[in-house]
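Below is one structure, written out as structure tokens, with a few remarks after it.
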Amino acid sequence: KIHCSKTFAEAMKEREVLASYGGGCHQKIGVSYLHRDYGRVFFLRGKTDQGEELRVMNLEGKKLAKKWLSSKERMFPVPPGVSKWYGRVGLDVGPCSEDRCLWVARAEAFPESWEGKKFPLVWTSGLKSWRGLASRGLWVNGCAESMGEHEDSRVETMLGRPPNWLKLTHEGGYDEGSMEVMATYRLQEAPEPPDIRGKTHFYWMSGSSFTRARELYPEIIDQAVHACGPGNTFRLLQKMLPSDRLELFLNYEDWCRVTTEGEK
């Protein structure tokens with residue numbers, strides 16, 4: 001008899017969520033619970049019979065001490081587009097073997113000179129990078145949903161073999177993971193970096209942005225509280241910050257929602 005009590009319990013929770021919307025296979029609703037070492041991830045997508053759009057992706061049961069709660073005026077980046085610490089300069093990387101599976105850290109990391117090539121798999125770090133590549137006419141097979149490169153892609157059956165990943169990222173990017181890394185661009189310091197004076201609560205999309213901000217505003221950064229998503233950024237920040245000033249969230253939207261107690 002095959003039985004996993006944890007999987008069964010999560011499946012029952014999924015059924016409870018579906019039942020709360022009327023249940024039944026006719027519903028245009030999908031729900032999943034995933035256990036990870038950093039918490040339980042909850043996904044809810046779809047549309048109810050009443051036309052309500054459902055789009056939830058968060059870490060369940062995230063409760064913070066009072067010092068973590070804030071308002072948008074003291075949070076950075078709000079909106080996320082203001083976090084521009086670097087520009088990007090492409091590198092001359094030459095050709096790539098077309099039997100490699102590509103794991104793309106961000107859309108800009110995919111060289112224009114490779115756009116006509118066919119690779120077994122193109123995987124991105126998240127949906128933003130997926131959309132960026134799709135806008136260039138590139139076919140993307142899937143993404144890690146911003147859960148980090150250690151998130152198992154489970155593509156062996158589709159591919160017919162284990163993927164031989166090549167991670168495309170920037171020069172000096174995180175290279176302590178399990179994938180071979182290729183730098184396809186380098187970071188160039190922005191001539192006019194963001195002004196973070198008056199900010200106390202930060203969310204970081206990359207370790208390089210945190211490092212640059214700390215160089216420019218050491219007192220602000222060293223007194224603030226910081227957050228990021230799962231993956232390499234969290235591993236890097238763990239080395240540079242005390243645990244009582246670092247929190248993990250599933251994504252930027254999750255951080256905004258929890259930090260402002262639903263203001264977003």
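Considering each residue of the range 1-25, count those that are touching a residue at least 12 places away in the same chain (Cβ under 8 Å), assigned to a loop (DSSP other than H, G, I, E, B) and surrounded by fewer than 16 Cβ atoms within 10 Å (Cβ to Cβ), and give that number. Spell out the reasoning first.
Quick first cut of the range 1-25, residues touching a residue at least 12 places away in the same chain (Cβ under 8 Å) only: 6, 10, 13-14, 17-18, 21-22.
Right, trim to assigned to a loop (DSSP other than H, G, I, E, B) and you get 21-22.
Now drop any that are not surrounded by fewer than 16 Cβ atoms within 10 Å (Cβ to Cβ), which leaves 22.
Within the range 1-25, residues that are touching a residue at least 12 places away in the same chain (Cβ under 8 Å), assigned to a loop (DSSP other than H, G, I, E, B) and surrounded by fewer than 16 Cβ atoms within 10 Å (Cβ to Cβ) number 1.
Consider only pairs whose beta carbons are under 9 Å apart and that are at least six residues apart or on different chains; among these, list those whose first residue lies in the range 230-241 and is on the phi > 0 side of the Ramachandran plot and of a type outside the set (A, V, I, L, M, F, W, C) and whose second residue is in a loop (DSSP other than H, G, I, E, B) and surrounded by 19 or more Cβ atoms within 10 Å (Cβ to Cβ).
G231/S125; G231/A144; G231/S146; G231/M147; G231/G148; G231/E149; G231/Y174
Residues that are under 29 Å from W103 (Cα atoms) and in contact with a Cys (Cβ under 9 Å, 6 or more places away or on another chain): find the helices (runs of 4 or more DSSP H) completely inside the range 182-254 holding 2 or more of those. Before the answer, list the steps.
On the way: elements: 207-216, 218-223, 232-240.
Those helices (runs of 4 or more DSSP H) span 207-216, 232-240.
Each reported figure results from applying straightforward, stated rules to the coordinates on display, with no laboratory input. Just so it is clear, the model here is predicted, and its values are computed rather than measured. Positions of Cβ are backbone-derived with ideal geometry, glycine not excepted, and every protein chain shown enters the neighbour counts.
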